[in-house]
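Peer 1: This is the structure I want to talk about, given as structure tokens.
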Amino acid sequence: MYFLSRDIISKGHHVTVVDNDLAECTRLSRELNATVVNGDGSYSTTLEDAGAIGMDVLLAMTPLDQDNLVICQIALLHFGINRSFALVNDPENEEVFRKFGIQAFSTSGIIASLIEQQLMLDGITNLILLGGGKVNITEVLVKANFPVAGQTLHEIPFPNDALVSVVIRNHEPIIPRGGTILLEGDRVVLVTLAGSHGKALKIITGEGM
């Protein structure tokens, strides 16, 4: 929490931290230029004391998914905070959060995705996750031995929920069309839904096919 708060503060934002550990609150209040409130964030009175009215964004990061869900619901229903994000400790709970309009992220899911990429091969960079981890934007360096090298985008059997949004060639971006041929050395910016991410990468690289 300390490092995340420090990073957000360094970008010019005001941060309020709510924690039910008094010793941690004392430490944070000494080390951060932030408002620190000792209390349980799953109670509306605590969030009110923390100044929830008028807040732009709420981030719930307790070790319990049910508490994070309650905190985000209180933020929306009681204080009108429309942008809430929650740490999901069990990746299977992510869909529940999304049904309530909460942007959920799972550190274990993110780490698993990064490991999958590293196991596959070098030259793949996960640029960003959107929609609470449901959308992946990935950059892939096309190598000579990839099956897609020399093929047009029309010829590549991508899943329906995967597309090449940009091709970077000789440091110049190209908006691709169906007839665009992928060449060795191209950097392909791939946009996929999470369920098709691994399959789309395998189609590009030929790994595991």
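FYI, it's all coordinate maths here, none of it is from the lab. Computed from a predicted structure; not experimentally measured.
Peer 1: So what's the back-of-envelope 222 nm ellipticity for the chain, counting only DSSP H runs of four-plus at -39500 (n - 2.57) apiece and dividing by all residues, rounded to 500? Display every interim value, and only then the final one.
Peer 2: On the way: 7 runs with 72 residues, N = 209.
The helix-only estimate for the chain comes to -10000 deg cm²/dmol at 222 nm.
Peer 1: Taking H placed 1.01 Å from N in the peptide plane, check which residues at least 5 places from Val166 or on another chain put their amide H under 5 Å from its amide H.
Peer 2: The answer is Val189.
Peer 1: Here's something else I'd like to know. How are the Cα pair distances of region 156-201 distributed, in percent, across 5 Å bins from 0?
Peer 2: Each 5 Å bin holds this share of Cα pairs: 5, 23, 29, 23, 15, 5, 0.
Peer 1: Against the longest principal axis of the chain, how steep is helix 107-120, in degrees 0 to 90 to the nearest 10, with axes from Cα atoms?
Peer 2: 20 degrees
Peer 1: Output ³J(HN,Hα) for region 183-189: one whole-Hz value per residue in order, computed from phi by the Karplus curve 6.51 cos²θ - 1.76 cosθ + 1.60 with θ = phi - 60°, and x for Gly and Pro.
Peer 2: 10, 4, x, 5, 10, 9, 9
Peer 1: Turning to a different aspect of this structure: Please turn the phi angles of region 36-42 into ³J(HN,Hα) values with the Karplus equation 6.51 cos²θ - 1.76 cosθ + 1.60 (θ = phi - 60°), one per residue in order, whole Hz, x for glycine and proline.
Peer 2: Values per residue, Gly and Pro as x: 10, 10, 8, x, 9, x, 7 Hz.
Peer 1: Let me know the Rg and Dmax you get for the chain when you use only its Cα atoms, in Å.
Peer 2: Computed over the Cα atoms of the chain, radius of gyration and Dmax are 21.4, 62 Å.
Peer 1: In terms of Cα to Cα distance under 20 Å, which aspartates and glutamates are near enough to Lys99, apart from those fewer than 8 places away along the same chain?
Peer 2: Straight-distance partners of Lys99: Asp65, Asp67, Asp90.
Peer 1: Near the amide H of Val15, under 5 Å away, which other amide H atoms are found, from residues 5 or more places off or on another chain, if H is placed in the peptide plane?
Peer 2: The list, which skips near neighbours in sequence, is Thr35.
Peer 1: Same structure again: Between the helical axis of 65-79 and the dominant principal axis of the chain, each derived from Cα atoms, what acute angle in degrees is found, rounded to the nearest 10?
Peer 2: Once rounded, one gets 70 degrees.
Peer 1: Less than 30 Å apart at the alpha-carbon level, and either on another chain or at least 8 residues along: which lysines does that give for Lys11?
Peer 2: Lys134
Peer 1: Helix 22-31: angle to the longest alpha-carbon principal axis of the chain, degrees 0 to 90, nearest 10?
Peer 2: 70 degrees
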